[in-house]
1. Just need a number here: residues in segment 114-159 that are part of a helix (DSSP H, G or I) and within 22 Å of Glu194 (Cα to Cα).
2. Of all residues being within 15 Å of the chain's Cα centre (by Cα) and over 18 Å from Asp106 (Cβ atoms) in segment 60-85, which is surrounded by the most Cβ atoms within 10 Å (Cβ to Cβ)? Just the residue, please.
3. For segment 8-64, give me the residue count where each residue is closer than 18 Å to Leu90 by Cα and at pLDDT below 55.
Amino acid sequence: MQHFSIVRYFTLANADILYTFAPNQSEVLYTSQRRVELLNCPSVHDVSALGGVKCLTLELCNGVKDVSALGGVKNLTLDRCECVTDVSALGDVEKLTLDWCKGVTDVSDLGGVKNLSLKRCNGVKDVSALGGVTSLALSCCPGVTDVSGLGGVKNLTLKYFSGVTDVSALGNVKSLSLMYCYRLKDVSTLGGVESLTLYGCDGVTDVSALAKVKYLTIEKCHGVTDVSMLHNLV
């Protein structure tokens with residue numbers, strides 16, 4: 001089979017006829033690609049030959065279960081790979097996106113990831129180990145209610161978190177976005193945040209403690225009626 005050792009960008013989409021992407025290393029070598037995308041390839045089972053790819057996207061590859069060989073990928077996206085359950089080997093990935101990976105429950109080994117996005121990972125409950133992540137985006141993870149361990153994150157986004165009520169530990173986050181955190185009421189400890197966005201947080205009524213926030217955005221927070229104390233905002 002042909003080798004693709006000089007290819008820079010490779011996309012394989014809607015490949016229903018493949019049983020495995022790389023039957024063995026001697027037949028197909030994709031390790032020199034700069035970027036590989038597998039889109040809607042449900043018959044792909046084995047991606048172990050892709051560990052040397054720099055940027056890899058697996059989308060709707062529901063035949064893929066084992067991603068243990070992908071720990072060396074710098075930029076890895078797993079999108080709707082619902083059979084993936086174990087991501088413990090991905091702790092050294094620089095940028096990791098896990099979207100709609102409903103089988104993932106344990107993210108305790110991902111604290112070394114620099115840029116991490118978890119979206120619709122319904123099985124994830126404990127994010128206490130992610131405090132060392134530089135940039136963390138959590139969206140629609142209903143099992144997560146405790147964010148007290150995330151105070152060390154520099155750039156943090158929490159979106160659609162109905163269970164989060166206490167953000168008192170997030171006062172040292174450099175850039176913080178709280179979006180549709182419906183049950184959140186108290187933001188009095190966030191005055192030291194450099195850039196703060198409150199969007200759709202209807203439970204928040206008092207923003208007087210935010211007068212020293214350097215960049216403040218308040219949108220669709222219907223409970224906020226008095227912003228007079230923000231006149232000194234720099």
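The values are calculated or read from the model by the stated rules, or taken from the named source; none is laboratory data. Remember, it's a predicted structure, so these values are computed and weren't measured experimentally. We place every Cβ from the backbone using ideal geometry, glycine too, and count neighbours over all the protein chains shown.
1. Total satisfying the criteria: 4.
2. Just the residues of segment 60-85 that are within 15 Å of the chain's Cα centre (by Cα), to begin with: 74-81.
With the extra rule that they be over 18 Å from Asp106 (Cβ atoms), the set shrinks to 74-75, 77, 79-80.
Numbers: Lys74: 14, Asn75: 16, Thr77: 18, Asp79: 16, Arg80: 16.
Out of the qualifying residues, it is Thr77.
3. Residues that pass the stated criteria total 1.
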